[in-house]
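Peer 1: Let me give you the structure first, and then I'll get to my questions.
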Amino acid sequence: MERELDHGTGRLVRMVCEHIGGMPLVDDHVHSVLRESPSEERFEGLLCESAGPLGRGQSRLDSQAGFALVSNCSPLLFGKRCGAREYFGRRRRIPESEIDGVFLPAAGVSDWIVDPGWGGSELVGLDEMSEVSHGDVHRLVRLESVAEGILLGGRCDDFVGAFRHGMSEAAEGAVGFKTICAYRCGLDIDWRRPSDDAVRERVAAMTSGERSRLSDPVVCSFMLHEAMRYGRPIQFHIGIGDRDVDIRHSNPFDLRDLLVEAEDSGVPIVLLHCWPYERECGYLCQNFTNVYMDVGLTTYLSGNQGIDAIRRALQLCPFSRFMYSSDAWGLPEQHFFSAVLFRRALACLTSRWVEDGSWDFDDAIRVVDLIGSGNARRLYRL
C-alpha cells in the first residue's frame, strides 16, 4: 500500500512539473531587447548590476547569472552546450535579430508588461518585440520619464499643469505606472500629498543639472499622487539594483503610510525585485490587500540559487498576489533563462510540497497558474 501511495505521489509530482514547464507566463516587469549586437564588454555588463572595468583575468560570466545563461542558452542557440569562455565568441557570429527570434518565443511568455522608460532607440520597439516574441506587449508609464521630459523641455514655469497634461497623454493605453524614486530620493520620505505651490517652489529652486535627474522628494511624492488618480497599478523598485541605488533607503517598510492611503483609494501597488527585502515585502502583501510583489531581477542574478528568494517571498505573501517577472533588459537570453529559472524553482518548491502532503495536487495546479499568469492578468486587466 505504501509503495502504491509513493508511486501515486510521484506521478502527481511529475504532473506538477510538466504543467509548470508548459504553462504560459505573464512577465510583470520587463524591458525590450537591443537592436544591435553588443560588444563583449557590454554583453557581460548587462548580465549584472555592477559597473566599471574588471581586473585582468576576471569575467562577469563567472557568476551565478553567467553560468545560468550559458548552461540554459547555449544548447538552444548552438545545438549543444559550451563553456562560459566560449559563449560570446560563438554568439557574435549570429545576427542579433536572429538571436531574438530564438530566445523570446522560447521563453513561453504570452504577455510582456514593458517599461520603455530606459534605453530609447537602443532597444527594439514594442510592436517589433511583440512580433518577434509571438506575445502581446503592454506598456507602462515611467513617472520620472514624464517629469524629466517636461523639465528638459523648459516647461518649468507651470510644471504642475504640464505634468498632469503629460500624464493624461502618456496614460492613454497604458496598463500601469512605474517609479524609480528608490534610485532618486529613497523611499524614506514624507509621502503626504504636497500642495501645488510646494511643488512649484521645489521645481523653481532646481538647477539645470537637477532637471535631467529628478531627485526632489516633494516632486516625487507629487508624481505618485498624480498617478494614483488613475487607479491603475503602480510599480515600485525595491531593494536590489545597480550601485546608483542606496539599498539602505529602499526598504519597503518606508512605504507604509503611502500603502495605507493607496489601499483606501483602491490603488494597487506592486513591489518589484525585492531582494534583500523579500520577507518584508511578503509581510506587506499579507497586511495590505492592494499590495503585490515579484522577485524579478533577483531570480536571474541569483541563477539556480533564485529558488531561495521565491521561498522567502512565499513564506508570507498570499499566493494571489505573487507574480512572475524577469526585469530583463537588452539581452534576449535574459528574457529566456529568467523564465526557465523561475519555472524550475517554482516546480521544485511546489512538487516538494505536494510530495510531503502539504499541498493538494489540484490546489498546486491552481496556485502555480495564478502565480505564472492569473494574478497579473487580473491585476492589469489583460
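Peer 1: What order, most packed first, do the peptides 222-231, 104-113, 258-267 have when packing is the mean number of other Cβ atoms within 10 Å of each residue?
Peer 2: So the order, starting with the most tightly packed, is 104-113, 222-231, 258-267.
Peer 1: Quick one: work out the % antiparallel among DSSP beta bridges in the chain, nearest 5.
Peer 2: In the chain, approximately 5 percent of DSSP beta bridges are antiparallel ones.
Peer 1: Apply the Karplus curve 6.51 cos²θ - 1.76 cosθ + 1.60, θ = phi - 60°, to the phi angles in the range 129-146 and return the couplings in whole Hz, x for Gly and Pro.
Peer 2: Karplus-based 3J(HN,Hα) across the range 129-146 equals 4, 4, 5, 5, 7, 6, x, 7, 10, 10, 9, 9, 10, 7, 4, 5, 5, 5 Hz.
Peer 1: Which whole-percent values make up P(r) of the range 1-99 when all C-alpha to C-alpha distances are grouped in 10 Å steps starting at zero?
Peer 2: P(r) over the range 1-99, rounded to whole percents: 12, 31, 28, 15, 10, 4, 0.
Peer 1: Rounded to the nearest 10 degrees, what's the angle between the helix 217-228 long axis and the longest principal axis of the chain, both from Cα atoms, 0 to 90?
Peer 2: 70 degrees
Peer 1: Further question on the same structure: Output the peptides 288-295, 165-172 sorted from most to least packed, where packing is the average of other Cβ atoms within 10 Å over each peptide's residues.
Peer 2: Put in order of decreasing packing, that is 288-295, 165-172.
Peer 1: Got a sec? Charge dipole of the chain, +1 on Cβ for Lys and Arg, -1 for Asp and Glu; which of LEU12, LEU272, VAL260 is way out at the positive end?
Peer 2: Going by the Cα projections, it comes out as LEU12.
Peer 1: Which of rounded, prolate or oblate describes the chain when judged by the alpha-carbon gyration tensor and an a/c cut-off of 1.5?
Peer 2: oblate
Peer 1: Moving on to the next point. If you rank ARG142, ARG312 by fewest surrounding Cβ atoms within 10 Å, what's the result?
Peer 2: ARG142, ARG312
Peer 1: Using only alpha carbon pairs under 8 Å that are at least six residues apart, calculate the relative contact order of the chain and give it in whole percent.
Peer 2: Relative contact order here is 23 percent.
Peer 1: Right, something else. Could you size up the charge dipole of the range 135-292 around its Cα centre, putting +1 on the beta carbon of Lys and Arg and -1 on that of Asp and Glu, and report it in debye to the nearest 20?
Peer 2: 220 debye
Peer 1: Let me ask another. Output ³J(HN,Hα) for the range 179-187: one whole-Hz value per residue in order, computed from phi by the Karplus curve 6.51 cos²θ - 1.76 cosθ + 1.60 with θ = phi - 60°, and x for Gly and Pro.
Peer 2: Along the range 179-187, the couplings run 10, 10, 4, 4, 6, 8, 10, x, 8 Hz.
Peer 1: OK, next. Roughly how big is the chain's charge dipole about its Cα centre, with Cβ charges of +1 (Lys, Arg) and -1 (Asp, Glu), in debye to the nearest 20?
Peer 2: Taking the Cα centre of the chain as origin, the dipole is about 680 debye.
Peer 1: May I ask you to derive the relative contact order of the range 187-303, considering only C-alpha pairs under 8 Å and at least 6 residues apart, and to give it as an integer percent?
Peer 2: 25 percent
Laboratory data are not the source of any read-out in this text; all were calculated from the coordinates shown. All figures in this text were calculated on a predicted structure; none of them were measured in a lab. Cβ: placed from backbone, ideal geometry, glycine included. Neighbour counts: every protein chain shown.
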